[in-house]
Amino acid sequence: MPIATLVNRLVTHQLRIRTETAPQFVDLTDQVQQIVRESGIQHGQAVVFTRHTTAAIRINENEPELLRDFVAFLERVAPQAYPYFHNDFDVRTVNMTDDECANAHAHCRQLLMATSETIPIIDGELCLGTWQRIFLVELDHGRDRSVIVQVLGQ
């Protein structure tokens, strides 16, 4: 079957999210599901993508103690206090901004995650498991974030 008959609609929406701290897990599931419903697409997929190198999109369970475990895991794997080369502003000369901060730990943590997730859509609903939720994961510090949601299908 030609692709043109499988995907005949594409809807793109941008979510603007204000994070407060890091690490922070922001549950986007309800917002993404609302975008899927409003798109009218019954069968296809939703792609959720962050445009940032110090934030991630992940699917996991929204259980408070598990989220605390995730935060502890990230600190063990990429400790904020480690002496990263990226944070040595006397040596580093590229990709610098006026408000540059020491955030190599956030980049290292993001390397373990992903910038996007793709979720199937069946009968107009996200095809998530019982406990699965879609998170924007803030890894740097509180700020405004952009998340792109693309819904495609028929």
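Every read-out reported here was derived from the displayed coordinates using simple, explicitly stated rules and does not represent laboratory data. Predicted, not measured: the structure shown is a model, and the values here were computed from it. Cβ sites come from the backbone with ideal geometry, for glycine too, and all protein chains shown count toward neighbours.
Filter the range 71-92 down to residues that are exposed (fewer than 12 other Cβ atoms within 10 Å of the Cβ) and among the aromatic types (Phe, Trp, Tyr) and give me whichever is nearest to Gly129 (Cα to Cα).
Selected residue: Tyr82.
Answer yes or no as to whether Ile134 is surrounded by 14 or more Cβ atoms within 10 Å (Cβ to Cβ) and either closer than 19 Å to Arg16 by Cα or in contact with an Asp or Glu (Cβ under 8 Å, 6 or more places away or on another chain) (or both). Before you say what the answer is, go through the steps one by one.
Numbers: surrounded by 14 or more Cβ atoms within 10 Å (Cβ to Cβ): yes; either closer than 19 Å to Arg16 by Cα or in contact with an Asp or Glu (Cβ under 8 Å, 6 or more places away or on another chain) (or both): yes.
When the stated conditions are applied, Ile134 passes them.
Step by step: first the residues of the range 25-45, then only those that are part of a loop (DSSP other than H, G, I, E, B) and of a type in the set (A, V, I, L, M, F, W, C), then the one that is farthest from the chain's Cα centre (by Cα). Which residue is that? Write out each step before concluding.
Step one: list which residues in the range 25-45 are part of a loop (DSSP other than H, G, I, E, B), which gives 28, 40-42.
Narrowing the set further to residues that are of a type in the set (A, V, I, L, M, F, W, C) leaves 28, 41.
Values: Leu28: 9, Ile41: 22 Å.
If we take residues in the range 25-45 being part of a loop (DSSP other than H, G, I, E, B) and of a type in the set (A, V, I, L, M, F, W, C), then Ile41 is farthest from the chain's Cα centre (by Cα).
Pull out all pairs, ordered by first then second residue, where Cβ-Cβ is under 7 Å, the residues are six or more apart or on different chains, the first lies in the range 116-143 and is farther than 12 Å from Thr29 by Cα, and the second is part of a strand (DSSP E or B) and among the aromatic types (Phe, Trp, Tyr).
Close Cβ pairs (under 7 Å, with a partner that is part of a strand (DSSP E or B) and among the aromatic types (Phe, Trp, Tyr)) amount to Ser116/Phe49; Val137/Phe25.
Can you tell me which residue in the range 111-127 is surrounded by the fewest Cβ atoms within 10 Å (Cβ to Cβ), limited to those that are aliphatic (A, V, I, L, M) and within 16 Å of Ser39 (Cα to Cα)?
Ile122
Mind listing just one residue for me: the one in the range 28-70 that is touching a Phe, Trp or Tyr at 6+ places or on another chain (Cβ under 9 Å) and surrounded by fewer than 14 Cβ atoms within 10 Å (Cβ to Cβ) and, of those, nearest to Met113 (Cα to Cα)?
Only one residue fits best here, namely Glu61.
For Ala22, are the conditions met, namely being touching a residue at least 24 places away in the same chain (Cβ under 8 Å), under 15 Å from His141 (Cα atoms), in contact with a Leu (Cβ under 9 Å, 6 or more places away or on another chain) and assigned to a loop (DSSP other than H, G, I, E, B)?
yes
Within the range 46-90, count every residue that is of a type in the set (S, T, N, Q) and assigned to a loop (DSSP other than H, G, I, E, B).
Here the count works out to 4.
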